[in-house]
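The values are calculated or read from the model by the stated rules, or taken from the named source; none is laboratory data. Remember, predicted model here, so these are calculated numbers, not experimental data. Cβ placement follows ideal geometry from the backbone for every residue including glycine, while neighbour counts extend to all protein chains displayed. The protein model used for the area step is the full one, side chains on, heavy atoms only, and it has no ligands, DNA or RNA in it. Shrake-Rupley method; radii C 1.70, N 1.55, O 1.52, S 1.80 Å.
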Amino acid sequence: MFRHMVICRLYNPGSKLKTADYLERYLHVSYSISKIYRFLDNLCYRKEPIEDAKPGTGRAKKKSETDYKSLVEQISFDHTKKVVGGNISVCFYDMTTLYFEAADEDDLRKAGFSKDGKHSNPQIFLGLLVASGGNPIGYEIYEGNIYEGNTIVPLVKALAERFGFGKPVVVADSGLLSKRNIEALTLDGYEFILGARPKSESDDMKERIMSLDLRYGDIKEIDKGNGVRLILSSSEKRAHKDKSMREKGLARLQKKIKSGRLTKQNINNRGYNKYLRLDGIIDVCIDMDKFEADAAWDGIKGYVTNTKLTPKEVIDAYGNLWFIERAFRLNKFDLAVRPIYHRLRNRIEGHICICFTAYTILLKLERILKDAKSDITIHRAQELTKSMYAIGYIHTHSKQAVERILGMDEEQRKLYDLVNMATQP
């Protein structure tokens with residue numbers, strides 16, 4: 001059942017009801033939806049050992065059911081270690097939110113800060129740790145109202161202890177930047193590269209940054225003490241993007257003020273709402289001085305690190321965070337990790353485990369195509385498999401079950417042969 005559900009997630013993602021219907025219609029495999037739900041209930045759930053009678057003795061012995069999450073992560077890590085050459089020297093961590101089309105909260109699904117902009121919907125957080133190339137190491141899910149900065153150190157330490165991969169350089173974006181995280185990583189002997197927030201530094205530090213007079217293409221550093229450096233760079237491309245984002249944010253605020261639809265949800269210090277100024281009791285206007293002052297920061301990007309790497313090496317390592325951003329994108333869109341049609345925690349965890357497994361296989365397929373220098377993409381491969389069929393029958397003389405693949409076009413045959421050759425022992 002696990003195998004069938006993972007394969008369907010790869011090329012025909014949908015609800016478990018849709019999956020059951022597809023399996024019966026096209027593969028003649030029949031699973032009742034209640035059986036699927038019972039399977040999900042126990043997929044990632046560590047139950048107490050159950051009793052099983054010893055044959056002929058009437059006495060009972062203990063045995064444990066499989067924890068698929070731990071098994072999947074172990075297999076995935078072993079494969080990742082092989083792909084990256086046996087040494088996990090750097091790992092990348094990030095989190096994303098998965099919201100639910102529901103109104104009620106529970107112990108897992110809670111309303112919180114949503115990266116999807118669905119702040120009123122209950123959600124969960126998904127934390128993912130990957131190695132170079134986006135090859136997965138492990139994952140964890142968290143309550144929807146958790147502060148993401150509290151998750152990085154426990155997860156990295158837990159996976160490192162389980163798999164014994166030492167202490168790689170930990171790379172994460174500015175959402176994980178906090179004094180507590182830096183102290184915890186340093187205390188445990190980890191090197192790190194974290195995205196910085198230069199505009200949120202102390203006034204003294206901001207003056208030091210501005211005194212560097214960064215020009216486009218410049219890379220400079222500031223010693224923050226205790227072995228920690230602030231690496232700063234300036235980019236013309238980033239400056240244009242920052243300016244465009246500021247102007248769009250300003251336009252949205254001006255439109256809301258003009259229409260009179262500015263609500264209390266807008267009165268906070270997040271994003272571009274910091275440009276709002278309250279005069280007296282009800283006079284809301286835009287602080288253009290603050291807007292213009294922010295222009296000095298356009299194009300400046302910061303990185304906090306305690307490594308011995310050169311500033312250029314730090315920036316290059318941080319740039320590889322796109323591996324994990326792409327992992328989330330593949331899970332959200334190609335594998336349709338959401339919408340999640342489940343309410344119970346065990347079933348949600350089982351669903352995420354299936355998607356994580358499908359993601360590792362999708363990466364394997366991508367490597368096969370890349371190594372063969374094929375012009376078939378993983379997205380094209382998903383489309384091609386939807387119209388590849390086989391017929392099964394019982395041979396009249398041997399009475400053996402036989403399966404024959406039906407005719408394929410040239411592109412489908414190429415894909416089939418590449419995968420077949422790559423997966424041969």
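Test of understanding: express the Cα radius of gyration of the stretch 105-156 as a ratio to 2.2 N^0.38 Å, with N the residue count.
Numbers: Rg = 12.2 Å, N = 52, 2.2 N^0.38 = 9.9 Å.
Relative to the rule-of-thumb radius for its length, the stretch 105-156 sits at 1.24.
Quick one: Karplus J couplings for the stretch 14-19, per residue in order, coefficients 6.51, -1.76, 1.60, θ = phi - 60°, nearest Hz, x for Gly and Pro?
x, 5, 5, 5, 5, 5
I need the shape label for the stretch 100-248. Rule: rounded when a/c is under 1.5, else prolate if a/b > b/c, else oblate, with a, b, c from the alpha carbon gyration tensor.
On the way: a/c = 2.07, a/b = 1.29, b/c = 1.60.
Oblate, since a/c reaches 1.5 and b/c is not below a/b.
Return the FRET efficiency for the residue pair Arg197, Ala336: r is the Cβ-Cβ distance, R0 is 30 Å, and the value is rounded to the nearest 0.05.
Numbers: r = 33 Å, r/R0 = 1.10.
So the FRET efficiency works out to roughly 0.35.
Using all C-alpha to C-alpha distances in the stretch 282-368, build P(r) with 10 Å bins and read off the rounded percent in each one.
Over the stretch 282-368, the share of Cα pairs per 10 Å bin runs 12, 24, 19, 24, 18, 3, 0 percent.
Can you work out ³J(HN,Hα) from phi for every residue in the stretch 237-250, in order, using Karplus 6.51 cos²θ - 1.76 cosθ + 1.60 and θ = phi - 60°, giving whole Hz and x for Gly and Pro?
Each residue of the stretch 237-250 in turn: 4, 5, 4, 4, 5, 4, 4, 4, 5, 4, 5, 5, x, 5 Hz.
Per q in 0.08, 0.09, 0.12, 0.14 1/Å, what log10 I(q)/I(0) does a Debye calculation on the alpha-carbon atoms of the chain return?
Evaluating at q = 0.08, 0.09, 0.12, 0.14 Å⁻¹ gives log10 I(q)/I(0) of -0.60, -0.74, -1.18, -1.42.
Quick one: Debye curve from the alpha-carbon atoms of the stretch 168-257 only, equal weights, vacuum; give me log10 I(q)/I(0) at q = 0.12, 0.14, 0.26 Å⁻¹ to two decimals.
Once normalised to I(0) and log-transformed, intensities are -0.51, -0.67, -1.36.
Using a 7 Å offset from Cα along Cα-Cβ at Ile33, what residues in the stretch 336-355 end up with backbone N under 17 Å from the label point?
Label zone hits: 339-344, 347-348, 351.
With respect to the cross-link table entries Lys206/Lys290; Lys220/Lys243; Lys241/Lys301; Lys220/Lys312; Lys167/Lys364; Lys199/Lys243, which display a Cα-Cα separation exceeding 19 Å?
Working: Lys206/Lys290 15 Å; Lys220/Lys243 22 Å; Lys241/Lys301 12 Å; Lys220/Lys312 10 Å; Lys167/Lys364 26 Å; Lys199/Lys243 15 Å.
Exceeds cut-off: Lys220/Lys243; Lys167/Lys364.
Could you please put Asp298, Asp223 in sequence from largest to smallest accessible area, using a 1.4 Å probe? Can you show the working numbers first?
Values: Asp298 30, Asp223 100 Å².
Ranking Asp298, Asp223 by accessible area, largest first, yields Asp223, Asp298.
Could you check how much of the accessible area of the stretch 154-203 is carbon and sulfur, as a whole percent, using a 1.4 Å probe? Don't skip to the answer; put the middle values down first.
Values: 1170 of 2310 Å².
Here it works out to 51 percent.
Test of understanding: what is the full-extension gain from His240 to Val228, defined as 0.36 nm times their sequence separation minus their Cα-Cα distance? Mind dumping the intermediate values first?
Numbers: separation 12, 0.36 × 12 = 4.32 nm, distance 2.95 nm.
Fully extending the segment from His240 to Val228 adds 1.4 nm.
Relative to the compact-globule scaling 2.2 N^0.38 Å, provide the ratio for the alpha-carbon radius of gyration of the stretch 360-425.
Working: Rg = 14.4 Å, N = 66, 2.2 N^0.38 = 10.8 Å.
For the stretch 360-425, the normalised Cα radius of gyration is 1.33.
Please work out the average accessible area per residue across the chain, using the 1.4 Å probe convention, and give it in Å². Present the calculation step by step, with values, prior to reporting the outcome.
Numbers: 23900 Å² over 425 residues.
So the chain comes to 56 Å² accessible per residue, rounded to a whole number.
Give me the accessible area of Thr423, 1.4 Å probe, in Å² rounded to the nearest 10.
Thr423 has an accessible surface of roughly 90 Å² with all protein chains in place.
With no solvent and one equal point scatterer per Cα, compute the Debye intensity ratio I(q)/I(0) for the stretch 324-394 at 0.14, 0.21, 0.22, 0.25 Å⁻¹ and report its log10, rounded to two decimals.
Treating every Cα as an identical point scatterer, log10 I(q)/I(0) equals -0.58, -0.97, -1.02, -1.14.
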